[in-house]
Protein chains: 2
Amino acid sequence: MERILSSEVSAHVGARVRLAGWLHAKRDLGSVSFGILRDRAGLAQIVASSPLELQLETVFEVEADAVAAPQAPGGAELREPVFHVLSEPVATPPVELRRPKLKENLPFVLDHAAVALRHPRQRAAFEVAAASLTGFRAALDGLGFTEISTPKIVAAATESGANVFTLDFFGQTAYLAQSPQLYKQVMVGVFERVYETGHVFRAEPHDTTRHLAEYTSLDAELGFVADHLDVMRVVREVIASMVTSVRERAPRAVALLGVELPEVPAEIPSVHFADTGVDDVDLAPADERRLCEHHGELVFVTGYPMAKRPFYTHPEPERPQYSNSFDLLFRGLEIVTGGQRLHRYEDYVAALGGEIEPFAGYLAAFRHGMPPHGGFALGLERWVARLVGAENIRETTLFPRDRTRLAP
Amino acid sequence: MERILSSEVSAHVGARVRLAGWLHAKRDLGSVSFGILRDRAGLAQIVASSPLELQLETVFEVEADAVAAPQAPGGAELREPVFHVLSEPVATPPVELRRPKLKENLPFVLDHAAVALRHPRQRAAFEVAAASLTGFRAALDGLGFTEISTPKIVAAATESGANVFTLDFFGQTAYLAQSPQLYKQVMVGVFERVYETGHVFRAEPHDTTRHLAEYTSLDAELGFVADHLDVMRVVREVIASMVTSVRERAPRAVALLGVELPEVPAEIPSVHFADTGVDDVDLAPADERRLCEHHGELVFVTGYPMAKRPFYTHPEPERPQYSNSFDLLFRGLEIVTGGQRLHRYEDYVAALGGEIEPFAGYLAAFRHGMPPHGGFALGLERWVARLVGAENIRETTLFPRDRTRLAP
């Protein structure tokens, strides 16, 4: 008999069916006992006339009658079950998976990720992440971008000397890439439009709810732009596609978590840094929240002062203390950073103050002709955290890494 | 005027058009001069009545008349051009991009990747790689797999103590993941079916044409299998989907490189290790070539001796010196490794010889119920090398990393 999923029981009412999964919960009422099977599609209720002699998280197959039952998950339940155990646990689960929400605190949940992630609410956030990734790629594939894969072990701590991990590479000192920035720019010279979804590494010394030492960066870069506004138009398409993909591919997670998906306007509102009223070179978290309250849940802030942007940033032609850069704020938090980059070799030599030797392989692209270009990076875990309403980015990271956490 | 691509000129014959790109080649015949524009779609010929005063790799826009010309690339050329220079190079390209194939040797080409990758043949391999990735994901999305993202900084050199990179993680010793193996198994407990496309790191001390210190691993893992044969069926679907995707999404690269795409049979031929005639615990490269000569360009070898497989490998029930594992050989080279894994906690304790402390976060999954499962990993750069007929895996890696190469 072909296995069916828990979500398919109601379509088989009246038939004998076979399911497989974990024993998520059980309750013995004497004359009748209930079990909940959990599989990748959800939950199914099993009703038996004798006590279930199985421990929680036992992996089993079950053959049973599919019977209509309005009060059961999915409107049907399994009766007259015959169990076949595939694998028995050796201990009681460290978290109570049967609860609608886990009641354990976050560090405990993270320490016990192998089991805690099995909770339907915990795993739902990662269904949203997977759907977001698909939406990101779909938008860019449709716009003629090419996916690339660039090295994470690099020779120079290029973007900034701070916050970089060092490793021994066959006797040489090497670093973990803080972003694919320099490589994706080089690849604009090859494919014009490129993207990469990969891990980036930041030796963040601070413990905050929005920084990690390792995260998933969704990067894109495109050539032949007029300025950063062309890049922002691509960001808008990408965000709209990610929202659509989450709606279509992760409906169960959206419903379970009560996710309110944003309406992405045809043009996302935009505020120049000079008009934010901020008397500093960067926004504070409180400024980001305030701007979203005033302008909407998605807001571009453009023109950040050059003083706070990296060396490859293109200045604003008329007001060179400002830059052709932007952040996208979503529900009070920056989730995308991007902008136009310098594209002339002389501009790089000037921006680097002549310290060009560590950048030779990168500057080769500019020595040999590069178009005006720009790009952006989106932190996947932050995006998902905003979307599902998670307070801490660690809730939307499978196995987070920070100053004090290197396992599991 | 909207920009069109080089591939679209023939569709605009008779009209004034605008293109943008790099000056790929030029030739001055006195009364007439020719230039070749290169953009992300290919090449277009420009005919001018005066010498082109532009250096090779100049980035420019051009407005011109699109004219039918059977001898030109794409059957049309650009006449009466008016140029607008966007960016001027400061040096002559280090490689001769105008040649049908680069004539420089591989180390030189790799040293000058930023420019050498612009050559149509060089970049074509990476169009094949991008299409392969899309095909990998499409097959697994269709089979109910969930994409995951697991850490590359890990606490223990888990799979094998050898060939691992060490780094300083906020004062602790950490390692770069040699594969997502342990994490993807844990995630079978959450989603049943998972995949990840990401970087893996091997401190390979050998210089060979088929090993790198960093490469792209396409990993999948699935639960509720009977044995490794169920995993091999998924591999077959994935390979077929990758071939289809390359055919449909990278036709220009396939034509340019003369790629012969394999026919993927409904069932890929399979040979048990015991029947290969090899009197050792592993196959030598010559054995792999011989097996493909005898059985076809795609061949599974199953049942590798347990002695050569990692600790999580499931033995063959009837002959426990052999394993429920497999490699997929493609045109004489192993491109996929996979198999059924152990799934009972006691089996892991025995396999690890009781040394379980470094594996606590991983073993938690098995303590709390795991189904029979298995999976596989495919090396993207190797796959592409076999497909495009590259002798050296460095030809299908954008910026390769090995014992002596850390830049560009």
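Any read-out appearing in this document is the output of simple, stated calculations on the displayed coordinates, not a laboratory observation. This one's a predicted model, so the numbers in the text were calculated from it and none came from an experiment. Every residue, glycine as well, gets a Cβ built from its backbone with ideal geometry; the counts of neighbours run over all protein chains shown.
How many Cβ atoms of partner chains, on average, are near each residue of A:106-115 if near means within 10 Å of its Cβ?
On the way: counts 0, 0, 0, 0, 0, 3, 3, 7, 16, 8.
Average per residue, whole number: 4.
A straight Cα-to-Cα reach below 21 Å connects residue A:101 with the lysines A:26, residues fewer than 8 places away in its own chain not being considered. Annotation for the range A:5-29 versus the range A:113-187: alpha-carbon center distance of 39 Å. Inter-label distance, residue B:82 to residue B:289: 6.0 nm, where each label sits 7 Å from its Cα along the C-beta direction. Rounded if a/c is under 1.5, else prolate if a/b beats b/c, else oblate: with a ≥ b ≥ c from the C-alpha gyration tensor eigenvalues square-rooted, which is the range A:179-280? Rounded shape, in that the Cα axes give a/c under 1.5.
Exposure proxy ranking for B:2, A:297, B:127, B:80, based on other Cβ atoms within 10 angstrom of each Cβ and starting from the fewest, stands as B:2, B:80, A:297, B:127. In whole angstrom, the range B:6-87 maps to an equivalent ellipsoid with semi-axes of 17, 14, 11, each derived as √(5λ) from the alpha carbon gyration tensor and ordered largest first. Within straight-line reach of residue A:152, meaning a Cα separation under 23 Å, sit the following lysines at least 8 residues removed in sequence or on another chain: A:184, B:152, B:184. Shown here: the protein assembly as shown, whose C-alpha atoms stretch 98, 72, 54 Å along the first, second and third principal axes, sorted largest to smallest. Between residue A:163 and residue B:272, the simple label model (points 7 Å from Cα in the Cβ direction) yields a spacing of 5.7 nm.
Model label points for residue B:141 and residue A:25, set 7 angstrom from Cα along the Cα-to-Cβ axis, are 3.3 nm apart. Note on residue A:206 and residue B:32: with the Förster distance fixed at 56 Å, the Cβ-Cβ geometry gives a FRET efficiency of about 0.30. Nearest 500 deg cm²/dmol is fine: what mean residue ellipticity at 222 nm does the protein assembly as shown get from its DSSP H runs of n ≥ 4 alone, each adding -39,500 (n - 2.57), divided by its residue count? Calculated at 222 nm, the ellipticity per residue is -8000 deg cm²/dmol. Of the DSSP beta bridges with both residues in chain A, give the percent that are antiparallel, rounding to the nearest 5. If I count the DSSP bridges inside chain A, around 90 percent turn out antiparallel.
Within 14 Å, Cβ to Cβ, of residue A:265, how many net charges do the neighbouring residues add up to if Lys/Arg are +1 and Asp/Glu are -1? Mind showing how you got there, number by number?
Working: positive: A:233, A:236; negative: A:237, A:263, A:267, A:297.
Computed value for this residue: -2.
For the rotational copy pair A/B, the chain A residue whose Cβ lies nearest the symmetry axis, together with its distance in Å, is A:167, 2. Its alpha carbons considered, the range A:347-396 gives a radius of gyration followed by a Dmax of 18.4, 46 Å. Taking the number of Cβ atoms within 10 Å of each Cβ as an exposure proxy, the fewest-first ranking of B:243, B:231 is B:243, B:231. Taken residue by residue and averaged, Cβ atoms of other chains lying within 10 Å of the Cβ of B:186-194 number 6.
Suppose every Lys and Arg Cβ carries +1 and every Asp and Glu Cβ carries -1, with no other charges. What dipole size does chain B come out with about its Cα centre, to the nearest 20 debye?
Numbers: 41 positive and 54 negative charges, 184 e Å.
With Lys and Arg at +1 and Asp and Glu at -1, about 880 debye.
Charged side chains reduced to their Cβ positions (Lys and Arg at +1, Asp and Glu at -1) give the protein assembly as shown a dipole of some 400 debye around its Cα centre.
Peptide A:54-64 has a mean shielding of 2, counted as Cβ atoms of other protein chains within 10 Å of each residue's Cβ. Residue ranges A:202-208, B:115-121 sort as B:115-121, A:202-208 when ordered by packing (mean number of other C-beta atoms within 10 Å per residue, highest first). Length gained on full extension, residue A:230 to residue A:18, computed as 0.36 nm times the residue gap minus the Cα-Cα distance: 71.0 nm. Summary of packing: across the peptides A:351-362, A:317-328, A:172-183, the per-residue average of other C-beta atoms within 10 Å ranks them, highest first, as A:172-183, A:317-328, A:351-362. Along the charge dipole of the range A:115-396, Cβ charges K/R +1 and D/E -1, which of A:312, A:298, A:370 sits furthest on the positive end? Toward the positive end, the furthest listed residue is A:298.
Where the eigenvalues come from the Cα gyration tensor of chain A, what are the semi-axes √(5λ) of the equivalent ellipsoid, largest first, in whole Å? Write down the numbers at each step before the final one.
On the way: eigenvalues 470, 101, 76 Å².
Those come to 48, 22, 20 Å.
Look at the dipole of the range A:137-287 built from charges on Cβ: of A:171, A:201, A:276, the Cα furthest out on the positive end belongs to A:171.
Just want to confirm a number: the relative contact order over the range B:118-183, from Cα pairs under 8 angstrom separated by 6+ residues, in percent. Provide the component values of the computation, followed by the final result.
Numbers: 40 pairs, mean separation 16.9, N = 66.
Here the relative contact order equals 26 percent.
Over the range B:6-87, calculate the relative contact order: mean separation of alpha carbon pairs under 8 Å at least 6 apart, over the residue count, as a percent. Mind showing how you got there, number by number?
On the way: 210 pairs, mean separation 27.4, N = 82.
Relative contact order comes out at 33 percent.
Take B:216-226, B:67-77, B:383-393 and order them by the average number of nearby Cβ atoms within 10 Å per residue, most first; the result is B:216-226, B:383-393, B:67-77. Radius of gyration over Kirkwood radius for the range B:276-319, both on Cα atoms: the Rg/Rh ratio is 1.00.
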